[in-house]
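Take a look at the structure below.
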Amino acid sequence: LSLGVDHYLVKPDDHHELEMVIRNLHRRLRGAARDLEPARPRQWMFDAARWSITTPTGAIVTLSLAEYTVIAALLARPGDAVSRDDLLTARDRRDVRVDSRNLDMIVSRLRRKVARAGVDGLPIQSARGIGYVFTGVAVMVGDAASS
């Protein structure tokens, strides 16, 4: 048993004991197989028509205009760093110097909204010297043209 044997049965074996050993082994192996299943990625959903994002837990977070444009720009290029200039252009802001810190406030406010919805960590990361990147798995639904 110390070498990893599940159970040791001697002859003549007791059928009841054999049945219990097989049941226990089956239950343990079924649990181990479940542990080996790959974890599903945490998926976010951006609803352009309703101006909201749905968290992986199902909480719906309503977006302001500024938050909407930032999220839409990031999700248009998931996994890629989007420059501050591109994010500000998406917001239709001409003077980058004035609104650069405003962008940080928008992302910070969005993170707080998601945290209040009970989700730990919005998958938007700062790309030092560039801008921001959406690092999560997201699905876009709704029609942005209708909003």
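Model label points for Asn102 and Tyr8, set 7 angstrom from Cα along the Cα-to-Cβ axis, are 7.7 nm apart. Of the residues Lys11, Lys113, the one with the largest accessible area comes first in the ranking Lys11, Lys113, computed with a 1.4 Å probe on protein heavy atoms. Taken one residue at a time, the phi angles of the stretch 80-86 give Karplus couplings (6.51, -1.76, 1.60, θ = phi - 60°) of 9, 6, 9, 5, 4, 4, 5 Hz. Gly and Pro are set to x.
Sorting Thr55, Thr69, Thr135 on solvent-accessible area from highest to lowest, probe radius 1.4 Å, gives Thr135, Thr69, Thr55.
Between Ala117 and Arg28, what FRET efficiency follows from the Cβ-Cβ distance if R0 is 30 Å, with the result rounded to 0.05? Present the calculation step by step, with values, prior to reporting the outcome.
Working: r = 38 Å, r/R0 = 1.27.
That pair, Ala117 with Arg28, gives E of 0.20.
Quick one: net charge around Leu74, please, counting Lys, Arg +1 and Asp, Glu -1 for every other residue with C-beta under 11 Å from its C-beta.
On the way: positive: Arg77; negative: Glu67, Asp80, Asp86.
Neighbour charge sum, excluding Leu74 itself: -2.
How would Asp104, Asp6 rank on accessible area, largest to smallest, probe 1.4 Å?
Asp6, Asp104
Applied to the stretch 118-130, the Karplus parametrisation 6.51 cos²θ - 1.76 cosθ + 1.60 on θ = phi - 60° returns per-residue 3J(HN,Hα) values of x, 10, 8, x, 7, x, 10, 10, 6, 9, 3, x, 10 Hz, with x for Gly and Pro. Here Met20 sits with roughly 80 square angstrom of accessible surface, probe radius 1.4 Å. Residues whose amide H comes within less than 5 Å of that of Met140, counting only those at least five positions distant or on another chain, are Phe46 (H built at 1.01 Å from N in the peptide plane).
Electrostatic tally near Val61: other residues with Cβ closer than 12 Å to its Cβ, Lys and Arg +1, Asp and Glu -1, net +4. Taking all protein chains as they are arranged and a probe of 1.4 Å, the heavy atoms of Asp86 leave approximately 70 Å² accessible to solvent.
If you stretched the chain out fully between Arg128 and Thr57, how much longer would it get, using 0.36 nm times the residue separation minus the C-alpha to C-alpha distance? Length gained, Arg128 through Thr57: 22.6 nm. In the complete set of protein chains, residue-level accessible area for His16 is approximately 120 Å², probe 1.4 angstrom.
The values are calculated or read from the model by the stated rules, or taken from the named source; none is laboratory data. These numbers were taken from a predicted model, which means no experiment stands behind them. All Cβ positions, even for glycine, are placed from backbone atoms using ideal geometry, and neighbour counts span all protein chains on display. For accessibility, only protein heavy atoms count, side chains too; no ligands or nucleic acids. Shrake-Rupley method; radii C 1.70, N 1.55, O 1.52, S 1.80 Å.
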